[in-house]
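The values are calculated or read from the model by the stated rules, or taken from the named source; none is laboratory data. Being a predicted model, the structure only gives us computed values, none of them experimental. Here the Cβ positions follow ideal geometry from the backbone for every residue, glycine too, while neighbour counts run over all protein chains shown.
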Amino acid sequence: MISNKKALEMVDVIAEMFPNAECELKHDNPFELTIAVLLSAQTTDISVNKLTDKLFQKYKTPEDYLNVNISELENDIRTIGLYRNKAKNIQKLCKSLLDKFNGEVPQTHRELESLAGVGRKTANVVMSVAFGEPSLAVDTHVERISKRLGICRWKDNVRQVEDKLCKVVPRERWNKTHHQLIFFGRYHCLARSPKCDVCPLFEVCREGQKRYKANVKEA
Ligand code: SF4
């Protein structure tokens with residue numbers, strides 16, 4: 001694993017590449033953001049945005065989601081993966097919001113994670129994007145690039161990756177860094193075809209070097 005200093009230098013390069021990175025899930029309030037993040041599991045933000053353009057016109061409050069039959073909600077979100085499970089979780093989440101939090105999205109990690117379908121990543125995103133609380137959510141992109149760059153070990157779990165990044169990056173930068181790392185993974189260091197040939201981190205990236213050597217051998 002590389003030193004924290006080197007890791008932060010890498011994060012700085014990524015920050016320069018994507019200075020304006022931000023949450024790409026469309027939403028107007030913490031409730032819509034929570035639903036959008038829940039819907040985004042194992043699907044793209046683009047698909048979620050296409051869906052929520054209409055969905056958020058029909059469903060504006062937790063009551064709205066509970067006032068329909070589960071099959072109607074399933075039908076309204078069936079364009080995205082895992083829609084049956086997501087419909088079930090949305091209704092459970094809305095019930096908890098009404099029963100325990102007066103219909104409002106709670107503002108602590110512990111309370112957020114008590115909601116159906118809300119894990120640490122979703123709670124981190126909501127805390128950071130909706131409430132401006134310093135959080136560094138680790139999604140599939142953040143995990144992949146942290147490991148490729150050697151900031152974390154391949155065997156590290158998601159929580160270990162989060163803890164390491166939080167040590168490397170100053171707290172006041174956590175929220176912005178989260179989006180910058182996602183953009184880097186989404187638009188540059190892609191899962192299947194990372195753009196190593198034009199990557200400013202190529203010289204210091206062990207994964208990039210490995211891929212380069214493998215390509216040279218094949219040629
Ligand atoms: Fe990703 Fe390749 Fe850049 Fe490494 S060199 S960070 S694998 S794009």
TODO: Specify the residue that is farthest from ALA21 (Cα to Cα); the eligible residues are those in the range 174-199 that are within 11 Å of the ligand (Cβ to nearest atom) and assigned to a loop (DSSP other than H, G, I, E, B).
DONE: SER193
TODO: Would you please name the residue that is nearest to the chain's Cα centre (by Cα), looking only at residues in the range 155-173 that are part of a helix (DSSP H, G or I) and either β-branched (Val, Ile, Thr) or near the ligand (Cβ under 8 Å from one of its atoms) (or both)?
DONE: VAL158
- [ ] Pairs only if they're at least six apart or on different chains, beta carbon under 7 angstrom, first in the range 200-211 and within 16 Å of GLU16 (Cα to Cα), second near the ligand (Cβ under 6 Å from one of its atoms) and in a loop (DSSP other than H, G, I, E, B); list them, first residue then second.
- [x] LEU201/LEU149
TODO: Taking CYS94 as the residue in question, decide whether it is in contact with a Pro (Cβ under 7 Å, 6 or more places away or on another chain) and either on the phi < 0 side of the Ramachandran plot or in the same structural domain as GLN180 (by TED's automatic domain parsing) (or both).
DONE: yes
Task: Qualifying residue in the range 115-124 (condition: among the hydrophobic types (A, V, I, L, M, F, W, C), surrounded by 15 or more Cβ atoms within 10 Å (Cβ to Cβ) and within 16 Å of the ligand (Cβ to nearest atom)) - done: no
TODO: Taking the residues in the range 200-219 that are more than 10 Å from the ligand (Cβ to nearest atom) and in a helix (DSSP H, G or I) as candidates, determine which candidate is farthest from GLU9 (Cα to Cα).
DONE: GLU218
TODO: Output the residues belonging to the range 68-112 that are under 28 Å from PRO134 (Cα atoms) and among the hydrophobic types (A, V, I, L, M, F, W, C).
DONE: ILE90, LEU93, CYS94, LEU97, LEU98, PHE101, VAL105, LEU112
